[in-house]
1. What number goes with the only condition from (1) in contact with a Leu (Cβ under 7 Å, 6 or more places away or on another chain); (2) farther than 16 Å from residue 72 by Cα; (3) not polar (S, T, N, Q) that residue 22 does not pass?
2. Keeping to the stretch 286-335, report how many residues are free of Cβ contacts under 8 Å to residues at least 12 places away in the same chain, more than 23 Å from residue 230 (Cα to Cα) and of a type in the set (A, V, I, L, M).
3. Just the residues that are closer than 28 Å to residue 88 by Cα and of a type in the set (Val, Ile, Thr), please, taken from the stretch 1-34.
4. Contact list please: Cβ distance under 9 Å, first residue in the stretch 143-165 and touching a residue at least 40 places away in the same chain (Cβ under 8 Å), second residue loosely packed, with under 13 Cβ neighbours inside 10 Å and of a type outside the set (Asp, Glu), pairs at least six apart or on different chains.
5. Restrict the check to the stretch 105-116 and report whether at least one residue is surrounded by fewer than 14 Cβ atoms within 10 Å (Cβ to Cβ), closer than 21 Å to residue 81 by Cβ and at pLDDT below 85.
6. Name every residue in the stretch 142-156 that is more than 14 Å from residue 178 (Cα to Cα) and either among the aromatic types (Phe, Trp, Tyr) or more than 20 Å from the chain's Cα centre (by Cα) (or both), in order of residue number.
7. For the stretch 159-199, which positions are surrounded by fewer than 17 Cβ atoms within 10 Å (Cβ to Cβ), outside any helix (DSSP H, G or I) and either on the phi < 0 side of the Ramachandran plot or touching a strand residue (DSSP E or B) at 6+ places or on another chain (Cβ under 9 Å) (or both)?
8. Out of the residues in the stretch 274-304 that are at pLDDT 90 or above and not in a helix (DSSP H, G or I), state the one that is farthest from residue 330 (Cα to Cα).
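The values are calculated or read from the model by the stated rules, or taken from the named source; none is laboratory data. Computed from a predicted model, the values in this text were never measured in an experiment. Cβ coordinates were reconstructed from backbone atoms using ideal geometry, including for glycine residues, and neighbour counts include every protein chain displayed.
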Amino acid sequence: MQINPTIVTHLDTRRKKKSGGYPIKLRITFLKEQKYYSTGFDLTAEEFELMQSNSKTKELSVKERRKLQETKIQCDSNVVKANEIIRKMPVFDFKAFEKKFLIGQHSSDSVYLYYDNTIKKMKQEARVGTASNYNTSMNSLKKFSPKLLLRNITVEFLRDYENWLLAQKRSPTTVGIYLRPLRAILNQVIEEGEISRDQYPFGKRRYQIPSSRNIKKALTLSEIGKIVHFEAVPGTWYERARDMFVFSYFANGMNIKDILRLKYENIHGDYVRFTRAKTFLTNRSNSTQISFHLTNELVAIIDRFGNKEKSPDNFIFPVLHAGLTPTKEMATVQQFTQMVNKYLFKIAEETGIDKKVTTYFARHSFATVLKKKGISPLLISESLGHTSLKTTESYLDSFEDERKKEIGELLRNF
């Protein structure tokens with residue numbers, strides 16, 4: 001006689017969620033093996049009991065009763081769907097069942113559902129660059145595993161995915177770029193109580209994201225001097241590329257996005273004070289303000305390239321303008337940066353610098369030059385490509401103004 005699996009709508013009370021409820025799951029038992037499939041609904045133990053018994057109570061509001069009714073309908077629908085699939089299977093096995101049960105939809109424990117929700121939230125917060133990185137990570141994972149559930153993310157899965165990427169000639173750096181968003185997603189899921197910490201596959205003695213050796217991107221003082229003193233025809237991209245590199249170098253290794261977002265209200269006498277866009281968007285409650293001294297070079301660039309209308313809310317440089325959506329702003333910054341890098345490379349060739357110079361070299365050069373000049377490593381690091389620059393930025397901000405003027409002189413000693 002054929003043994004059929006049993007299907008039960010189950011309240012998983014092992015982990016309470018932040019909402020105070022527990023996840024409702026579809027539990028299927030077959031030959032003493034049990035698997036759980038999330039429904040996407042959460043209820044308290046009391047609510048679940050009311051839903052199962054179809055009891056009515058005057059203590060519930062109309063909205064609460066409707067919630068229980070809708071949840072009941074959806075849960076019953078899942079049971080009917082599961083039974084129908086099982087009925088048509090000659091022999092039951094979980095893998096074949098999941099393939100049919102989850103087809104055409106993200107199950108509530110689908111990794112890609114969490115990706116979609118996270119990306120949507122990031123876009124709403126104007127973090128379009130990070131959202132783009134998460135989308136790239138998700139697309140790569142989908143090519144490797146089109147239907148990926150939370151419980152499938154194991155140490156073995158991560159190693160297989162890494163080997164798959166390396167077989168496609170992807171570098172360890174790329175592997176890290178693709179896996180860090182996934183790690184962040186799992187941390188989020190654990191925090192929400194969807195899975196336990198014991199199921200976390202990352203970390204020591206588990207799976208560690210491969211690290212790659214950072215390539216030094218700093219120029220020597222002699223090479224920096226060649227760019228600073230490069231004679232460019234006024235109004236050309238040669239001039240603009242040179243000026244953006246010089247501005248970044250003298251402005252704490254400021255990245256192009258932050259330079260373009262500067263407004264005249266950020267200028268306070270002989271100093272510029274600003275908050276990095278990345279820090280502001282990800283940690284608004286503890287955003288560290290950075291300041292740097294306006295050297296003669298920076299003043300000259302603003303006079304040459306800046307907006308002539310100097311109202312406080314006007315951008316210093318005429319690239320961005322009010323009213324741009326976050327997506328359009330990102331596209332504008334990327335296009336501008338690409339043009340700057342294109343002509344920086346030409347400048348490097350024409351001045352005999354045997355490196356493919358980009359704006360990022362200004363950031364590394366700022367840090368490396370100051371370190372070699374004896375500035376405390378607590379102030380700057382050899383590389384500015386770290387995940388967090390809070391320590392560096394806050395220490396730099398605490399420097400006395402006169403000390404910051406000395407920094408400007410050190411950077412000029414070509």
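1. Of the numbered conditions (1) in contact with a Leu (Cβ under 7 Å, 6 or more places away or on another chain); (2) farther than 16 Å from residue 72 by Cα; (3) not polar (S, T, N, Q), the odd one out for residue 22 is (2).
2. Total meeting the criteria: 3.
3. Narrowing the stretch 1-34 to residues closer than 28 Å to residue 88 by Cα: 1-11, 24-34.
The answer is 3, 6, 7, 8, 9, 24, 28, 29.
4. 147/99; 147/103; 155/206; 158/206
5. Yes, there is a match, as at least one residue in the stretch 105-116 is surrounded by fewer than 14 Cβ atoms within 10 Å (Cβ to Cβ), closer than 21 Å to residue 81 by Cβ and at pLDDT below 85.
6. Across the stretch 142-156, the qualifying residues are 146, 147, 148, 149, 151, 152, 154, 155, 156.
7. Across the stretch 159-199, the qualifying residues are 168, 170, 171, 192, 195, 196.
8. Taking the stretch 274-304 first, the residues at pLDDT 90 or above are 294-304.
Still in the running and not in a helix (DSSP H, G or I): 294-295.
Values: 294: 26, 295: 28 Å.
It comes out as 295.
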